[in-house]
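Enquirer: My questions all concern the structure below.
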Amino acid sequence: MLKDNVLKAVLDSPALPTLPTVASKLISITSKPETSISEIAQLLSKDISLSAKVLRIANSAFYSFSSKISTVHQAVSNMGKNAIRSLVLSVSFLAIKTNEKKEYFSYEKFWQKSLSAAVAAKLIMSEIDKSEPEEIFIAALLQDIGELIVMRTFPAQYERVLKTLSETQQDVLEVEEQIVGANHTFVGHEVTRNWGFPSELLTPIQYHHNPDDYPGNDKKIILATKVVYLSGLIANILSAFRPQENHKKFIEKSKEMLGFNDKIIDGILEKVHSEIIEIAAFFDFHIENPKPIELILQEANIALSLINLSYEQINKELISAKIELQKLTKDLELKNKRLEKLVHIDGLTEVYNHRYLQNFLETEIRRSLRLQTFISLILLDIDHFKRFNDNYGHQTGDFILKEMCKLMKKNIRDYDIVARYGGEEFAIVLVETTQEDAVKIAEKLRQIIATNIFIDGIKEYRVTASFGVATVRPTTKEFKNSDLIDFADKALYESKKKGRNRVTVYTQKKRWF
């Protein structure tokens with residue numbers, strides 16, 4: 001079948017994925033310079049579910065904004081047109097699900113590999129330019145969208161493609177052209193162009209297998225295409241597709257294309273699998289725990305070494321490998337424990353992160369319901385922190401955040417937790433604690449912060465914080481984390497409204513105890 005015939009069949013196929021209405025319109029209006037932030041926010045607000053996901057991710061460590069994003073308009077304003085478009089597309093595509101089962105093609109593994117590539121691209125780009133990580137994220141996420149489209153349009157032929165690739169070392173693009181009549185880079189580019197995607201997303205999709213073939217001279221697009229190409233190599237390693245070959249190629253090409261040194265390369269390869277776990281959670285995307293690249297390569301090397309051994313040698317090697325595997329298992333258990341801690345800890349302040357806070361609150365609220373005990377939540381916000389950052393710089397601001405967290409951890413019980421709620425706002429969960437005791441703790445912390453002199457070795461600084469306290473003893477399963485957070489947040493708002501540097505207790509209108 002000729003390329004044009006393949007493309008016509010794809011575009012006319014009822015199996016072609018369709019974008020949600022809001023995502024489709026967003027691509028259209030963000031391409032127009034005259035489109036205002038208000039118009040984008042108004043469009044996005046029409047899809048309540050999508051808006052909620054966007055706000056949740058905007059307030060996660062994926063962006064690490066210094067203050068909480070409360071509205072869609074605020075999200076669009078802070079993130080910009082291109083970033084909000086990329087985020088909406090990422091959420092929309094990762095929500096595509098199907099119950100279809102094929103012998104060689106797995107939709108779940110396809111999106112898992114795509115997400116791995118997106119995370120890898122974000123890590124690679126962060127070593128070069130941190131200004132627009134969202135665009136490279138979506139470009140890498142959709143680099144192989146053509147595979148999904150061809151699979152849905154020509155399922156029998158594409159199963160043959162995958163079977164051939166599993167049995168031979170042939171190039172994927174060549175096999176696709178032989179069996180289908182067109183390769184997935186061509187189909188992916190043409191379909192996304194038909195959807196109205198901008199050139200900064202289209203070009204990496206078209207040239208992600210061969211970035212040197214891009215004929216243009218746009219430096220931004222050239223860089224994006226190279227980064228997407230390299231992210232695909234990492235995704236191949238993680239999916240155990242010719243791992244040694246792709247590992248070697250990634251090292252060579254990242255040095256040649258981007259000038260990376262061994263330290264940068266090792267850092268990316270070490271971080272990628274833990275970043276995948278964390279970012280998958282932000283997007284509510286279920287993902288099987290990926291193996292670290294080091295372990296994948298070790299397993300591949302063991303398998304390769306067994307190919308040409310005699311039966312006796314194989315037995316010896318297997319015994320040796322079993323001993324080594326036991327050692328690796330112990331090492332992996334230790335690493336997993338460290339990783340579990342990293343996933344739950346905020347990188348800057350070293351207190352618990354937002355996701356852990358939500359899980360901890362849910363567990364403790366259920367326990368309070370079961371045992372009929374009180375649970376208290378303190379929300380606190382550093383007063384005028386934006387002004388502080390503007391006057392002294394973000395590095396000084398980061399120093400204050402870290403030092404303040406150390407103060408708080410020293411002055412609460414071992415079984416209570418401090419967590420970063422977002423930006424300069426923190427939460428303290430006090431288990432089995434009455435309102436009276438919670439207020440005493442909050443007031444003690446307020447005074448400690450207000451009287452503490454923060455010294456960074458150069459200057460001395462003073463800050464204050466506003467506190468909101470809420471205490472409940474739940475009597476119904478209807479009571480949720482968000483209810484307790486909302487109570488404490490209302491009290492915190494009152495503290496700010498009344499002049500800051502004070503503790504306010506939430507007065508409940510609905511009785512939960």
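The values are calculated or read from the model by the stated rules, or taken from the named source; none is laboratory data. Quantities reported herein were computed from a predicted structural model and do not represent experimental measurements. Here the Cβ positions follow ideal geometry from the backbone for every residue, glycine too, while neighbour counts run over all protein chains shown. To get the accessible areas, we keep the full protein, side chains included, count just its heavy atoms, and leave off ligands, DNA and RNA. Shrake-Rupley method; radii C 1.70, N 1.55, O 1.52, S 1.80 Å.
Enquirer: Please find, among GLY216, GLY267, the residue that is out of contact with any helix residue (DSSP H, G or I) (no Cβ under 8 Å at 6 or more places or on another chain) and either at pLDDT 90 or above or over 28 Å from ILE96 (Cα atoms) (or both).
Expert: GLY267
Enquirer: Moving to a separate point now. Which residue pairs have Cβ atoms under 9 Å apart, sit 6 or more places apart or on different chains, and have a first residue in the range 405-416 that is more than 13 Å from ALA442 (Cα to Cα) and modelled with pLDDT of 90 or more and a second that is open to solvent by less than 40 Å² (accessible area, probe 1.4 Å) and aromatic (Phe, Trp, Tyr)?
Expert: If the second residue must be open to solvent by less than 40 Å² (accessible area, probe 1.4 Å) and aromatic (Phe, Trp, Tyr), the pairs left are CYS405/PHE426.
Enquirer: Here's a follow-up. From the list THR471, THR475, pick out the single residue that is over 33 Å from the mean Cα position of the chain (by Cα), hydroxyl-bearing (Ser, Thr, Tyr) and under 22 Å from GLU362 (Cβ atoms).
Expert: THR475
Enquirer: I would also like to ask the following. Can you find, within the range 444-478, the residue that is least open to solvent (accessible area, probe 1.4 Å) among those that are out of contact with any Leu (no Cβ under 9 Å at 6 or more places or on another chain) and of a type in the set (Ser, Thr, Tyr)?
Expert: Within the range 444-478, the match that is least open to solvent (accessible area, probe 1.4 Å) is TYR461.
Enquirer: Looking at the range 228-276, which of its residues are hydrophobic (A, V, I, L, M, F, W, C), in contact with a Lys or Arg (Cβ under 9 Å, 6 or more places away or on another chain) and buried (at least 17 other Cβ atoms within 10 Å of the Cβ)?
Expert: Result: LEU230, LEU233, ALA235, LEU238, MET257, LEU258, ILE265.
Enquirer: Sticking with this structure for a sec: Starting from the range 442-459, keep only residues that are closer than 20 Å to LEU430 by Cβ and without any contact (Cβ under 8 Å) to a residue 40 or more places away in the chain, then list their pairs with residues that are surrounded by 13 or more Cβ atoms within 10 Å (Cβ to Cβ) and among the polar types (S, T, N, Q) whose Cβ atoms are within a distance under 8 Å, requiring at least 6 positions of separation or different chains.
Expert: Going by the 8 Å Cβ cut-off, the qualifying pairs are LYS444/ASN411.
Enquirer: Part of a helix (DSSP H, G or I), open to solvent by 40 Å² or more (accessible area, probe 1.4 Å), at pLDDT 90 or above and not hydroxyl-bearing (Ser, Thr, Tyr): which single residue out of GLU190, GLU174, GLU200 fits that description?
Expert: Exactly one of GLU190, GLU174, GLU200 is part of a helix (DSSP H, G or I), open to solvent by 40 Å² or more (accessible area, probe 1.4 Å), at pLDDT 90 or above and not hydroxyl-bearing (Ser, Thr, Tyr), namely GLU174.
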